[in-house]
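Visitor: Mind having a look at this structure? Questions to follow.
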Amino acid sequence: MGGEFAAFYTILIVILVFVALLIFLRFVPIGLWISALAAKAHVGILTLVGMRLRRVVPSKIVNPYIKAVKAGLEIGIAKLESHYLAGGNVDRVVNAMIAAARANIPLPFERAAAIDLAGRNVLEAVQMSVNPKVIETPVIAAMAKNGIEVRVRARVTVRTNIDRLVGGAGEETVIARVGEGIVTTVGSSASHKDVLENPDRISHVVLTKGLDAGTAFEILSIDIADVDVGRNIGAQLQTDQAEADKRIAQAKAEERRAMAVAEVQEMQAKVVAAEAEVPLAMAEAFRSGRLGIMDYYNMMNVISDTKMRENIAGSSTGKEASNLPIKSD
C-alpha cells in the first residue's frame, strides 16, 4: 500500500513539474534568450518575463535589439520596448538607424523614433537621403508678356532632409512651389521665344528662390523636361473684349432706339389729343357766336374742293406718265 502511494506521489510531482515547465516556457522564451546570449546581446530572464506581463511580444523587441548590437549601435532594450508600447515600428527604426550609420548620416534613436511616431517612413527617408528621388511635375501652363501660352513640364530632384522631416511639408508643396516659380518666370519673359531659346533660365531662376524652405526635402536640381507653345491667349482676350464692347454698343443703341420710339409715340398721342379738341372748339365757337353756319359750310366746301383737285391732279399725272413714249435701244 505504501508503494502505491509513493508511485502516485511520484507521478503527481512529475505532472506538476511538467506543468510548471510549460508555464515557465510560456512566459520565458528560452529560444530568444539563447539567441541573444549567442549574439552577445544580454537580455535578462526577468526582462523577458516583464515583457510578457506588459503584453509585449518579446520577439519584436529582442530581434531588433540583436540586430542593433551586431551593427554596433548603442540602444537600450528599454528604449526599444518604450517605442513599441507607444505604437512605433521598432524593426523599421533599427533598420533606418543601421542604414544611416552605414551612410555616415547622423540619426539618433530619439529622432528616428519621433519620425516613426509622426507617421513617416523613416527607413524610406534615409534611403531617399542616400539615393535622391526625381519628382515629375504635371504640365504647367503660363503666359508670356506677348500673350502666348507656354506649357512646361519639369523634373525636380530632391533628397530627404532628416532634420526637417518632422513637421516639414511633403512632395505636394514642392510641386506647387515649383509650378508657381515657373509661372512667375515665364510671365516675366518679354516673349515666348525667350523661353524657348533659354529653357535653362527657368530652372536657374526657380532654383534660386529657395523653394525647399519649410519642406522635408532639399531640392538638388530642377530640369526642364519639355516646353511647348500653347494658345495665343492675348489675341483671344482681345477678341473677347471686342465682342463684349460690341454687345455693350448694341445694348446702348437699342436703348436709344427705344427712347426714340417712345418719344414718337408720345408726340402722336399729343396730336391725337389735339385733334380730339377740334370738335369741342368748334362747338364752343358756335355757342359763343364766333362761327356761323354759313361760315362752317363754306369751310367744308373749300376742303372738298381741295380734295377733289388733289385727286384730279394725281390721276392726270398718272395718265401722263402712262402715255409717255417708250424708247427702244
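The values are calculated or read from the model by the stated rules, or taken from the named source; none is laboratory data. In this text the structure is predicted, and so the values were computed from the model without any measurement. Positions of Cβ are backbone-derived with ideal geometry, glycine not excepted, and every protein chain shown enters the neighbour counts. With ligands, DNA and RNA removed, areas are computed over all heavy atoms of the protein, side chains included. Shrake-Rupley method; radii C 1.70, N 1.55, O 1.52, S 1.80 Å.
Visitor: What distance in nm separates the simple spin-label points at E197 and I312, each placed 7 Å from Cα in the Cβ direction?
Guide: If labels sit at E197 and I312, their model points lie 9.2 nm apart.
Visitor: What are the semi-axes of the equivalent ellipsoid for region 26-65, taken as the square roots of 5 times the Cα gyration tensor eigenvalues, largest first, in whole Å?
Guide: The answer is 16, 10, 8 Å, longest axis first.
Visitor: Can you give the net charge of the other residues whose Cβ lies under 15 Å from the Cβ of R231, counting K and R as +1 and D and E as -1? Each step should come with its number before you reach the end.
Guide: On the way: positive: R151; negative: E149, D228, D240.
Summing Lys and Arg as +1 and Asp and Glu as -1 gives -2.
Visitor: With a sphere of radius 11 Å drawn around the Cβ of D212, what net charge do the other residues whose Cβ falls strictly inside it have (Lys, Arg +1; Asp, Glu -1)?
Guide: +3
Visitor: Let me understand region 173-329 better: what is its radius of gyration from the alpha carbons, and its Dmax, in angstrom?
Guide: Taking only Cα atoms of region 173-329, I get Rg and Dmax of 42.0, 116 Å.
Visitor: Suppose R0 equals 30 Å; then what is the FRET efficiency for K145 and A253 from their Cβ-Cβ distance, rounded to the nearest 0.05?
Guide: With R0 = 30 Å, the Cβ-Cβ based efficiency is 0.25.
Visitor: Per residue, how big is the convex hull around the C-alpha atoms of region 141-222? Give it to me in cubic angstrom, could you?
Guide: Here the figure is 74 Å³ per residue.
Visitor: Another one. Take the solvent-accessible surface of the protein heavy atoms, probe 1.4 Å, and return the percent of it on region 149-247 that carbon and sulfur atoms account for. Can you show the working numbers first?
Guide: Values: 2450 of 5240 Å².
Result for region 149-247: 47 percent of the exposed heavy-atom area is carbon or sulfur.
Visitor: So for each of 141-151, 302-312 I average, over its residues, the number of other beta carbons within 10 Å; can you give me the resulting order with the highest mean first?
Guide: Packing proxy ranking, top to bottom: 141-151, 302-312.
Visitor: GNM, the chain, Cα, under 10 Å: largest mean-square fluctuation among G292, G187, G210?
Guide: Judging by the Gaussian network model, the answer is G292.
Visitor: Got a sec? Which residues in region 279-294 would a label at D305 touch, if it sits 7 Å along Cα→Cβ and we count backbone N under 17 Å?
Guide: Inside the label zone: 294.
Visitor: Next question. Write down the percent of antiparallel bridges among all DSSP beta bridges whose residues are both part of the chain, to the nearest 5.
Guide: Of the beta bridges lying entirely in the chain, close to 95 percent run antiparallel.
Visitor: Using only the Cα atoms, work out Rg/Rh for region 82-221, with Rh taken as the Kirkwood radius, to two decimals.
Guide: Ratio of gyration radius to Kirkwood radius for region 82-221: 1.13.
Visitor: Inverting the mean 1/r over all pairs of different Cα atoms, compute the Kirkwood radius of region 238-321 and quote it in Å. Please list the in-between numbers first.
Guide: Values: mean 1/r = 0.0545 Å⁻¹.
Hydrodynamic radius (Kirkwood, Cα only) of region 238-321 equals 18.4 Å.
Visitor: Here's something else I'd like to know. Take the Cα of L85, step 7 Å along the line toward its Cβ, and report every residue of region 44-74 whose backbone nitrogen sits under 20 Å from that point.
Guide: Answer for this model: 44-66.
Visitor: How much of the accessible area of region 48-117, probe 1.4 Å, is carbon plus sulfur, in whole percent? Walk me through the numbers on the way to the answer.
Guide: Values: 1780 of 3490 Å².
Carbon and sulfur together cover 51 percent of it.
Visitor: Expressed as a rounded percentage, what relative contact order does the chain have, with Cα pairs under 8 Å and six or more residues apart?
Guide: Normalised by residue count, the contact order of the chain is 11 percent.
Visitor: Could you please tell me the mean projected area of the C-alpha convex hull for the chain, averaged over all directions and given in square nanometres to one decimal? The partial results should precede the final answer.
Guide: On the way: hull surface 227.1 nm².
In nm², the orientation-averaged hull projection of the chain is 56.8.
Visitor: Right, something else. How far apart, in nm, are the 7 Å Cα→Cβ label points at E110 and I13?
Guide: That separation, rounded to one decimal, is 5.6 nm.
Visitor: Could you tell me the calculated FRET efficiency between L73 and E136, based on Cβ-Cβ distance and R0 = 30 angstrom, to the nearest 0.05?
Guide: Efficiency computed from Cβ-Cβ geometry: 0.25.
Visitor: Same structure, new question: When the chain is treated as a GNM, springs tying every alpha-carbon pair under 10 Å, which of K270, K252, K193 comes out with the largest mean-square fluctuation?
Guide: In this elastic network of the chain, the residue with the biggest mean-square fluctuation among K270, K252, K193 is K270.
Visitor: Can I ask one more? Report, please, the projected area of region 107-179 averaged over directions, based on the convex hull of its C-alpha atoms, in nm².
Guide: One quarter of the hull surface, i.e. the mean projection, equals 5.6 nm².
Visitor: I'd like to check one number: the per residue accessible area of the chain, probe 1.4 Å, reported in Å² as a whole number.
Guide: Each residue of the chain exposes 65 Å² on average to a 1.4 Å probe.
Visitor: Let me ask another. What order, most packed first, do the peptides 125-131, 256-262 have when packing is the mean number of other Cβ atoms within 10 Å of each residue?
Guide: Per-residue mean Cβ counts within 10 Å order the peptides as 125-131, 256-262.
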